[in-house]
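Shown next, in structure tokens, is the structure this report addresses.
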Ligand code: ADP
Ligand code: MG
């Protein structure tokens, strides 16, 4: 395989894995493989800026893709490739200043959106307002118009898949659009915790603090994750106080109100209650139908009203599942060339509403053993507090399968996995269900595990 062939294959995979804007901004015609051997793949980038950014943001993903394509454990290195500049065929990339002013302005915002960690899909425009979220939406609008001056902090809570993360990103987008000089950052309670632990281990707490304290709008998702972790709580408390007292906006989401977060220190709890607390309820059928309709418009697909109605009535678990059903339905109809009607919907779109047929009765132990075997990890490691990815992923896959295929309660799963907190289980299940939607690797792995369980 030549370097060019390798990179063409890699690009095909990247195109699938990344959003279109990210792929076009960073990869298409803007990268190359300059050299590769058994150990190292050198990736050419347009300029130093792109080189640093790709290294920081995409090195893990690139390694994963290149390992697979080369069938080796390679080291990925980034270099500036001058020939790319000349070969450039697509419109000017983000950071070239030679373009018109407008474009530069737009591009800078794109770039900020990326650095802020915002998902391009989650904007106010794509958020449907209804009875279940009216107050939360109004507060979010107000916060994005007057950050730190209307409601600070803004604490948003609600069950899984009701739109908290979406609304939070929307605030970030709107602020960057109207006040592009503000520094916005979205992170999760988990990533905050991990970053902090890493900083402590590497004795870089100073850098960690100044990063978070230099932010104008901090969006921190699933804050319940930090509860019960003393050092993280302490650090977050200081960061929060610093930001709040210097007039910076903090927005937090959680699966429950502050008062119900067990193990959250009283002083932290009371700080959370200083500003505005709003919740998002589970949407009713009409709202679910409205959301489906808006997703169809967004994706430019037409689905008969009765089919949307059927899905809205039958898939009640979460909006994420609802969207998943719609996607499955549309994909099946396209792939198998079948009409998109009620019959097909009943067959494929909503497995949640059909009893799961299994060829044999499964139990939790089978599932746990099978996942351990599949990922080649020990059960004792799964039950241990170890957090590195080789253990954490199989652990979360176990949580996910136990929850979705056996319908076990969170507490039950927590017990089976060495007595963890049930919020950790909820988090794990949620994380895998989100990831399988976009990560074909992971969905393939889970598919294989399931198949082997039923044989
Ligand atoms: P949560 O963070 O509460 O678990 P998310 O924000 O991740 O939920 O939402 C799950 C999915 O449902 C997302 O794809 C999101 O776009 C969609 N969704 C939720 N509420 C709405 C809404 N009101 N309008 C449009 N899409 C929504
Ligand atoms: Mg969320």
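Throughout, read-outs are computed from the coordinates displayed, never taken from laboratory work. Everything numeric in this text was worked out from a predicted model, so none of it was measured. As a convention, Cβ positions derive from the backbone with ideal geometry for all residues, glycine included, and neighbour counts pool all protein chains shown.
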Per-selection metrics, region 134-280 (Cα): Rg and Dmax in Å: 14.3, 45
Residue-span extension gain [residue 135 to residue 301] - 0.36 nm each, minus C-alpha spacing: 56.7 nm
Per residue, the convex hull volume that the Cα atoms of region 115-211 enclose (Å³): 116 Å³
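Using per-residue counts of other Cβ atoms within 10 Å, averaged over each peptide, order 134-143, 421-430, 59-68 from highest down. Before the final figure, lay out the partial values.
Values: 134-143: 19.3, 421-430: 20.9, 59-68: 16.4.
Packing order, densest peptide first, comes out as 421-430, 134-143, 59-68.
Within the P(r) computed for region 285-348, what percentage of the Cα pairs occupies the region above 16 Å?
Numbers: 701 of 2016 pairs.
I get 35 percent for the Cα pairs in region 285-348 exceeding 16 Å.
Scale the Cα Rg of the chain by the rule-of-thumb value 2.2 N^0.38 Å and send over the ratio, two decimals. Mind dumping the intermediate values first?
Numbers: Rg = 23.1 Å, N = 455, 2.2 N^0.38 = 22.5 Å.
In units of the 2.2 N^0.38 Å rule of thumb, it is 1.03.
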For region 364-453: Kirkwood Rh in Å [reciprocal of mean 1/r, alpha carbons]: 12.8 Å
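For the chain, what is the percent of antiparallel DSSP beta bridges, rounded to the nearest 5? All intermediate terms of the calculation are to be shown ahead of the outcome.
Details: 5 of 29 bridges.
In the chain, DSSP labels about 15 percent of beta bridges as antiparallel.
For residue 230 and residue 39, compute 0.36 nm times the residue count separating them, minus their Cα-Cα distance, and round to one decimal in nm.
On the way: separation 191, 0.36 × 191 = 68.76 nm, distance 4.14 nm.
Gain in length upon complete extension: 64.6 nm.
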Difference of contour (0.36 nm per residue) and Cα-Cα distance, residue 200 to residue 6: 66.0 nm
Among 146-157, 177-188, the order from most to least packed when residues are scored by Cβ within 10 Å on average: 146-157, 177-188
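Go ahead and estimate [θ] at 222 nm for the chain from helices alone: -39,500 (n - 2.57) per DSSP H run with n ≥ 4, summed, over the residue count, rounded to 500.
On the way: 20 runs with 255 residues, N = 455.
So the helix-based figure for the chain works out to -17500 deg cm²/dmol.
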